[in-house]
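The values are calculated or read from the model by the stated rules, or taken from the named source; none is laboratory data. None of the values given here were measured: they were computed from a predicted structure. Counting neighbours? That spans all protein chains shown, and the Cβs are built from the backbone with ideal geometry, glycine included. Please note that ligands, DNA and RNA were not included when accessible areas were found on the heavy atoms of the full protein model with its side chains. Shrake-Rupley method; radii C 1.70, N 1.55, O 1.52, S 1.80 Å.
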Amino acid sequence: MSKLFPLILKEIKLTSKRKALLFMIFGLPLFFGLVFTTYQEAIPTDTPIAVVIDDKNLSQAQVNAIMAIARTFSSPNLEPSVDSAVRKLQREEYYVVIEIKNYRDFTNASYVVYYDDSMTPVAAISENLLEILRIRMGATQIEARPLNRHASLPEFFFPGVLVMLSVLVGMELIPSTAIEERGVLPRLKLYSSLPLNFTAKVLVGEGIILVQAGMAKLVYDYAGSDVGLSWWVLLVLLLTTLYLSLIGLCFVFAFRFEGHSKSLLQITAGFLALMSGLLYPAGFFPSAFQRLDHLLPTYYSGVLLRAFMFRKVNPGLFWDYLGYLVLTIVLLALINVLLYRRVKEWSTL
């Protein structure tokens, strides 16, 4: 036992130095625990939905009563019209829209429930939601109106798969090749331009993600799943890979090509994969996580890919989302330039 104890201490110390392992050991249980313990209703109670009341003559007390009922199974927001609510549903600001018509009281009204049929987890719980409305609203006139084409579960996962591939290219492949060149950078600087060298890495990464996306689509087509790779989808995918590649280079420059930058990148990649709603709607997370999601560019990448693959929407509905990705790229490019200039003595690397 006296010989075993020092070995145990050694393993604990080695593990404590691996930041990526610490993230998996402590971060993942906390994340999954917080997320999945919220699933105690048909929809998690923090999920944003829209309520549209057609009768504008209702008293404030009646409106408050309706919202109080809706608050027992969701996070409701009052919207002035179905059109505005549906636009936000297409942008994943809401996951369900409940239109209330001919309202006299809870047992004397008709309800129309709109949901996005391409958001497979939301579509799967729609029947439970309708049952909750029947029980809590006491209504018999409840109509379901699914929007967009239905996406199977594999199809719903496809945009998340594409972003995951972008994460691997931008935050694993490109940083790894940059770190491997550490020893030859002084000589490379004599014969070429180092900024062009890093630009070439990013461009190669863009080519790789297009190849990977094409391969993934062929597999889906062979399996009989219908996923489209339109020009808008490819644009979002290229923008996503670009800003992820810039994040990867930021870490490499900030830590002067040291190997431990990859551990921090792996933690960051895991964080983005878990928190961006790539494989499950972000609106199903606790409210604090939802606010964090809306700061992450990968969240908007996932929304845009799902929208352009499965929804008949005007791209103009998402100019602000696309602008956020472009702004992220510009800011990261500037940070990379500043970090690159800080690494002045390349010969000491």
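Every condition in (1) more than 17 Å from the chain's Cα centre (by Cα); (2) in a helix (DSSP H, G or I) is met by V313 except one, and the failing one is (2).
Can you tell me which residues in region 218-254 are closer than 30 Å to R342 by Cα and either under 20 Å from the mean Cα position of the chain (by Cα) or modelled with pLDDT of 95 or more (or both)? Before you say what the answer is, go through the steps one by one.
Going through region 218-254, the residues closer than 30 Å to R342 by Cα turn out to be 238-254.
Answer for region 218-254, where residues must be closer than 30 Å to R342 by Cα and either under 20 Å from the mean Cα position of the chain (by Cα) or modelled with pLDDT of 95 or more (or both): L238, L239, T240, T241, L242, Y243, L244, S245, L246, I247, G248.
Quick grid of which residues meet (1) surrounded by 15 or more Cβ atoms within 10 Å (Cβ to Cβ); (2) touching a strand residue (DSSP E or B) at 6+ places or on another chain (Cβ under 9 Å); (3) in contact (Cβ under 8 Å) with a residue 60 or more places away in the chain; (4) over 24 Å from M119 (Cβ atoms):
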{"residue": "T47", "(1), (2), (3), (4)": "yes, yes, yes, no"}
{"residue": "A50", "(1), (2), (3), (4)": "yes, yes, no, no"}
{"residue": "K56", "(1), (2), (3), (4)": "no, no, no, yes"}
{"residue": "V63", "(1), (2), (3), (4)": "yes, yes, no, yes"}
{"residue": "A70", "(1), (2), (3), (4)": "yes, yes, no, no"}
{"residue": "N77", "(1), (2), (3), (4)": "yes, yes, no, no"}
{"residue": "S84", "(1), (2), (3), (4)": "no, yes, no, no"}
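If you go through region 225-252 and keep only what is open to solvent by less than 30 Å² (accessible area, probe 1.4 Å), assigned to a helix (DSSP H, G or I) and in contact with a Pro (Cβ under 8 Å, 6 or more places away or on another chain), you end up with T240, Y243, G248, L249, V252. In a helix (DSSP H, G or I), in the same structural domain as F198 (by the TED database) and modelled with pLDDT of 80 or more: is that true of S263 in this structure? In short, no.
Name every residue in region 266-280 that is in a loop (DSSP other than H, G, I, E, B) and open to solvent by 50 Å² or more (accessible area, probe 1.4 Å), in order of residue number.
Looking only at region 266-280, we keep the residues that are in a loop (DSSP other than H, G, I, E, B), and these are 276-280.
L279, Y280, listed by residue number.
For T38, the conditions (1) farther than 20 Å from A282 by Cα; (2) at pLDDT below 60 all hold with the exception of (1).
For (1) open to solvent by 30 Å² or more (accessible area, probe 1.4 Å); (2) more than 25 Å from A200 (Cβ to Cβ); (3) in contact with a helix residue (DSSP H, G or I) (Cβ under 6 Å, 6 or more places away or on another chain); (4) without any contact (Cβ under 8 Å) to a residue 12 or more places away in the chain, each residue gets a yes or a no:
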position: A282; (1), (2), (3), (4): no, yes, yes, no
position: V303; (1), (2), (3), (4): no, yes, no, no
position: D320; (1), (2), (3), (4): yes, yes, no, yes
position: V330; (1), (2), (3), (4): yes, no, no, yes
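Among the residues making up region 86-95, a single one is in a loop (DSSP other than H, G, I, E, B) and open to solvent by 40 Å² or more (accessible area, probe 1.4 Å): E93.
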